[in-house]
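J.: One structure, pasted below without further comment.
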Amino acid sequence: VFDKTEGLPVIARQADCQTCFLCELYCPEDALFVSPFAEQPQGIDVVAARQSGLLGSYRRAVGWTKDSEHLREADRSFRLFGQ
Ligand code: SF4
């Protein structure tokens, strides 16, 4: 999906995106947001996206940030319950 450049990576093959959210999950800068609407590209306003809190929202929702670590407990409980 992305091409490496001398500067910031650029989206080069958006149609290849599988909406797996891994790029958003692993971006430590919360620089991107994966739209859950995979059927067609979604327009986005950068200022509005920053203000909305969408950037990095998946990372926070699954407990991968310092402020949301407590959410990881749900995964641990599920694993224990499943055993
Ligand atoms: S959501 Fe998944 S498939 Fe799509 S660009 Fe990110 S890592 Fe690649």
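The values are calculated or read from the model by the stated rules, or taken from the named source; none is laboratory data. Computed from a prediction, not measured in an experiment: that's the story for all the values here. Quick reminder, even Gly has a Cβ in these numbers, built from the backbone with ideal geometry, and neighbours come from all protein chains shown. With ligands, DNA and RNA removed, areas are computed over all heavy atoms of the protein, side chains included. Shrake-Rupley method; radii C 1.70, N 1.55, O 1.52, S 1.80 Å.
J.: Leaving out ligands, DNA and RNA, what percent of the accessible area of the chain is carbon and sulfur, probe 1.4 Å?
T.: Values: 3930 of 6900 Å².
Answer for the chain is 57 percent, counting heavy atoms of protein chains only.
J.: Nearest 10 degrees, 0 to 90: what angle lies between the long axis of helix 72-82 and the longest principal axis of the chain (Cα atoms)?
T.: So the inclination is approximately 50 degrees.
J.: Which value, in Å², gives the accessible area per residue of the chain when a 1.4 Å probe is used on the protein heavy atoms? Working shown, then result.
T.: Working: 6900 Å² over 83 residues.
In whole numbers, the chain has 83 Å² accessible per residue.
J.: Once you keep just the Cα pairs under 8 angstrom separated by 6 or more residues, what percentage relative contact order results for the chain? List each step's numbers first, then the result.
T.: Details: 69 pairs, mean separation 16.2, N = 83.
Computed over the chain, the figure is 20 percent.
J.: Fully extended, how many nm does the chain gain between Asp16 and Ala48 (0.36 nm per residue separation, minus their Cα-Cα distance)?
T.: Numbers: separation 32, 0.36 × 32 = 11.52 nm, distance 2.55 nm.
My answer for the length gained is 9.0 nm.
J.: Ranking request for peptides 18-29, 57-68, 35-46: highest mean number of other beta-carbon atoms within 10 Å first, then the rest in descending order. Each step should come with its number before you reach the end.
T.: Values: 18-29: 12.0, 57-68: 14.3, 35-46: 9.8.
Peptide ranking by packing, descending: 57-68, 18-29, 35-46.
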